[in-house]
Structures are given as C-alpha cells and as structure tokens.
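The values are calculated or read from the model by the stated rules, or taken from the named source; none is laboratory data. These figures come from a predicted structure and were not determined experimentally. Positions of Cβ are backbone-derived with ideal geometry, glycine not excepted, and every protein chain shown enters the neighbour counts.
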Amino acid sequence: MQTNQTVTVDDKGKWNSAANIIKNGKLSIVMPVHNLEQSIKNNIKTVRDTFSGKVPFEIIAVNDGSSDNTARELSDVAHSVPELKVVNLAYNSGKGAALKSGFRASTGHYILMLDGDLDLPPQQTPKLFDIMQSTGADIVIGSKMHPDSEINYPLQRRIMSRAYYFIVKVLIGLPVHDTQTGIKLFKRNAIQFALDRMLVKEFAFDLEVLAIAHSHGYKIAEAPVKLDFQMTWGFVRPKSLLRIITDTLAIFYRIKVLKYYQTIKDNPSFSENMLVSIIIACPAPTKYLDECLAGIQRQTYANYEVIILPDSASGKVWSEKIREIPTGPTRPAEKRNKGIQEAKGSIIAFIDDDAQPMADWLEHAVVYFSRPEIGAVGGPAITPPDELYMAKLGGLVYSNLLVSGKYRYRYEVGRVQESDDIPSCNLIVRADIAHSLGGFKTEYWPGEDTYMCLEIVHRLKKKMMYDPRIQVVHHRRSLFLPHLRQVGRYAMHRGYFAKKFPENSRRLAYMIPSLFVIGLIAGAIASYFAPVLRIPYMSCVIVYLFLTLLFSCNINPVTWIIVWLGVMLTHITYGIRFIVGLLANSMPGEVKSFDHPSEDIKT
C-alpha cells in the first residue's frame, strides 16, 4: 500500500516516557516489507525522521521475498539512512518468518514491530511507551477497539475483528481486544521468549506471539491508534480466512490441550561454527528435490553443506554449497552411508528428497547439540497444505488418532519430548555417532533408521529429542494402493523388529492392529460355529465401525468417507503385515527401488 504522509515535528515532551524507558539502550524498529517499491523509500525516511533526536534507534527492514524492485529501493535508501539495516529473504515466507529474521538482526533493548506500508503512522509510538511506563507492561499493542482509537474502517472488517476477538477470548483467554493491528512494542526478553517457541509463520503469527508471552506471565496492555484504512475491499479471501481459523484452533490446542509451549526449555545459543552436512538420497533430481533444496536455501542457519546422492550424474550445475555424488542404483540406506563418509560437518542432517524443511529447521536443531548428552534430534513430517487430494487424505490417515495413537507426533505437532525412534526423513545426528555406528544397517531397510535410533539410545545411552519446531513437510502416498503398500512395508519391518529388537519395537501400540485382525477372523469363525456369539461379535464390529467413522470426521463428506475407508484398510494391512514380519527369518533386503509419491506435483 502506498502512503502519502506528511511528517510533523513532534513535541519532544511527548517522548519523555520513551526516553525514560530506553535510557542508554536502543529501540529496534522491525519493518516487514513485501512489494513496496513505490513507497518504501519515503516510508523509511518517514520512520527515520520520526525517531531522529528523540531516542537512540535502528531500523530493520525485512524484504520478505518481494517480486518487484523493493530490494533495490531498500539498497538505495540505505545509503542515505545510516540507521537502516536491510534483511533480504530469498522467498516470501510470511509475516512471522520476516519479523523473526528482523528480530535476529536487531540489537535494541526494545522492539517496535511496524508494518512496512505505514498504514499505522510511526508518530503514534509515544503512546505505546506512555502506557508501558504507566502500566509496567512488557508488551503494548495498538488496538483498533481501544475506546480512544480513531479509525476509518470498513463495516465488514469491523464485524470480522469483533468476531475474531470473541473467538480468541473464548479459546485463548487473552486479555486484549485486538491482536492483529500492525504496531506493537515489546521488551526484548518478552519477544525473545515468544519467538523461540512459535510455530505459526503466517496468518496467526501475532496471536501466537501474544498467547505464548501471556501464558508465561508477561503483561500485555493496549494502546489507542489512528487508522485510515485505504484498501478498497473489506473481506478476507475465503482461503485466508480458513487458514486464520485453522491456525487459531491449532494455537488453542497447543496451549490448552497439548500444553506444548510449556515443554520447551531454554537451550544455550547455537554456534554458527558447527557445520551441518545435509544428506539427501534420491534416484535422480526431480521437482521434489527442487522443493527440498529451496527449503534448505531459506534456512536461517547458514553454515551447512548439501550432499545429493542420485543413481547417476545429473549434469546439473549446483551452487557452491551443494555436492552431487552418484552412487549407482542402490537403496536409500546405502546412499546415506556414502553421504556419511563424505560429510564434512560435525552434525549430519538426513532428509528425504520429497520433504521440504521449514526455514528455522536447522536453527532449532543445532541448539540441542550444545548439550553433550544429546545424540540426535528430529521433528514431525507434516503433510503439505497444497498436497494432491488423495495424497493429502493419506496424510490424514497417518495422523488419525486410531491409526498412529500416541505416535501421531511424527505427522503433526506434538510436545517436546525424548524419543527412541525418529524417522530418517527428518533425523539429525552427531557425525561422530553416525561414524561410530558404521552408518545405517542396510539389511534392515526400510527399518534402518529404527535400528540406528535403538543403538543411539539403548546402546550408546544418548538422548534423542523430538521438537516440533524441527519440522519438515513431507509428500504422502496417495490412497489407496500406494499408501497401503508403504504401510505394509512399515508394518513388516516393525513386526520383525518386535521379535529381534524389542527395545523400541515390542510395544502394544504396534501390535493392536494385528490383535484386531486376529479378533476379526477368530470372531467370524467362532460366531459361524456358535450362533450365540454372533450378536456380541456383530456388536463389537459395529462399535469399531462407529469409532473409526467418528474419528475420521471431516467437514467434507467425501473426504470423511474416503479417510474412514483408509483408516480401516490401514488397520487390516498393518495388522496382517506385522504378523508376516513377526514370523519372518529376515527382512526382504533384495528390494532396491525407491518408493516415491506421484511425480505430478501441484504447482
């Protein structure tokens, strides 16, 4: 949005509170910017003129992957505004990621978050400091619903704001009326605490930051604002509205049900001196690999190398951080072992070529390795939000409570916890441990990662930590046959491991599907020969059908039915193949081919 604001000379007395609070410190003004080439120079100068001579300050402009000439305009204006630091993000990552990057570049004791379009003029800042001083608040936010606010705002947006306030009040219990207004003042420790724990990067970022801070006892106050809303439309797009609602419900779940934020402990600051070797096994470069590398290039932790292990040389020209090492047609475990041998880093990160890491994937992982008792870390592999329909339903089946039970944290956000089994699509290990174990045991594919985790925890007595912030998105196999083939392989290796390596595989949760299949077959036979058992047997079947139908609930009836069928077929497939693995003398190590989801990626 373009703004045509005239800078007025502020009465210096208005800044007394700001000067008293900041004293010998500094105010960092973090401004997320996206596609503002026409106005960003004037906006930066407006901010500079507003704060010059009032308080010590710096301006952090975060160019969030703009597709226009915003980066060039910021570079130009930086020559005449010495207080300006520019952070350029290679891709549009959302407001949350932009503000987090800006905060990381800041040095101030107080952080002012200010939208780059200056829809809210920076001359309003003294009011926020006045309220911070008078209330002792750690955070002061601009509020359109403050009784002293002067706003020109479309009726539709007013209605939506009040409806959202009601939802937030009921679900989260925040003592504020408006979380979304684009001017907020934080004490550094308050915003630091929240940003270290946040998961939302886009629509509900503001809510999550405030909810995390409030849950830890940081005091939040509201300030009046002046707002002349200049957009010509008043409605949020349905897709964006759905995402806002989804993110809001997710924050409620994490705070009130999962109590996720309370499980995160402070780790020592990470060191950029630790080189991370990212190992990607693949048959050949694909669109999936391009997605994966794009996610790696967005990493906020920059000290890494990438080792790609295709069957044969691709002939592609890679960046200086990427090495391609052809391996011949072999299994993923053997490729990864070759990557371990070639890795230069002190930490080795395994990721599948059909997975894409979040921008702070490595940042949240490496901090754990400052603790010598930690041998490996990992996190969830979430289904991509734009996944193909039938593949997305495969993801819903995996994350279903009646399918994965307490292990759903592998497919969605869970609590920070110790684990002894993290899949290799998102597994990060100390290099010395990977070398001491001789890499993966290839004869156990596709359970070689389970065996490595067993050795790390039960043989070497090192801890493995699961942290949902160490997150990737992972393409799924489509329902029904590709999904069920994958489930069958997982089940067979788990059944074999339950017999051979009980430490992390002989668990009731893995055996329940087999017990179900045995009960289903035995009950049918028994009720055939003993009619008196038919009613109890059918009653159990009906209860099962009802529960699986209930836990597959979806607003889309077609999705509901397909997921319901997928859940039941997954139970049967897993149950049968687990028994096959339990009875097997060895794993089918002759399997050589990769198993990829459809190459038809939605673009």
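Things worth noting here:
Residue-wise test of (1) in contact (Cβ under 8 Å) with a residue 12 or more places away in the chain; (2) polar (S, T, N, Q).
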| residue | (1), (2) |
| --- | --- |
| Ile296 | yes, no |
| Ser314 | yes, yes |
| Val317 | no, no |
| Pro326 | yes, no |
| Arg336 | yes, no |
| Ser346 | yes, yes |
| Ala349 | yes, no |
| Ala355 | yes, no |
| His364 | yes, no |
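- Hits in segment 181-199 - residues which are outside any helix (DSSP H, G or I) and either farther than 21 Å from Leu249 by Cα or without any contact (Cβ under 8 Å) to a residue 40 or more places away in the chain (or both): Gly182, Ile183, Lys184, Leu185, Phe186, Lys187
- Restricting segment 364-414 to residues that are outside any helix (DSSP H, G or I), over 20 Å from Leu481 (Cα atoms) and among the charged types (D, E, K, R), the residue that is modelled with the highest pLDDT is Glu373.
- Qualifying residue in segment 482-490 (condition: surrounded by 23 or more Cβ atoms within 10 Å (Cβ to Cβ), closer than 22 Å to Gly414 by Cα and in contact (Cβ under 8 Å) with a residue 40 or more places away in the chain): yes
- If you check Gly94, Gly136, Gly108 for being closer than 16 Å to Ile22 by Cβ and in contact with an Asp or Glu (Cβ under 7 Å, 6 or more places away or on another chain), only one passes: Gly108.
- Qualifying residues in segment 111-125 (those that are crowded, with 23+ Cβ neighbours inside 10 Å and out of contact with any Ser or Thr (no Cβ under 7 Å at 6 or more places or on another chain)) - the one modelled with the lowest pLDDT: Gly116
- Of all residues assigned to segment 154-175, none qualifies as being in contact with an Asp or Glu (Cβ under 8 Å, 6 or more places away or on another chain) and either of a type in the set (Lys, Arg) or not in a helix (DSSP H, G or I) (or both).
- Conditions (1) in a loop (DSSP other than H, G, I, E, B); (2) surrounded by fewer than 22 Cβ atoms within 10 Å (Cβ to Cβ); (3) out of contact with any Pro (no Cβ under 6 Å at 6 or more places or on another chain): number failed by Ala313: (3)
- Scanning segment 322-363 for residues that are closer than 23 Å to Ala97 by Cα and part of a helix (DSSP H, G or I) turns up Trp361, Leu362, Glu363.
- Some residue of segment 274-284 being on the phi < 0 side of the Ramachandran plot, surrounded by fewer than 19 Cβ atoms within 10 Å (Cβ to Cβ), at pLDDT 80 or above and not in a loop (DSSP other than H, G, I, E, B): no
- The lone exception for Ser552 - which of (1) modelled with pLDDT of 95 or more; (2) over 14 Å from Val403 (Cβ atoms); (3) surrounded by 13 or more Cβ atoms within 10 Å (Cβ to Cβ) it fails: (2)
- Residue match in segment 86-107 (condition: within 27 Å of Phe166 (Cα to Cα) and in a loop (DSSP other than H, G, I, E, B)): yes
- Within segment 59-85, the set of residues being surrounded by fewer than 20 Cβ atoms within 10 Å (Cβ to Cβ), of a type in the set (A, V, I, L, M, F, W, C) and under 30 Å from the mean Cα position of the chain (by Cα) comprises Ala71 only.
- Per this entry, Met465 is counted among residues that are farther than 30 Å from Leu565 by Cα, crowded, with 22+ Cβ neighbours inside 10 Å and in contact (Cβ under 8 Å) with a residue 60 or more places away in the chain.
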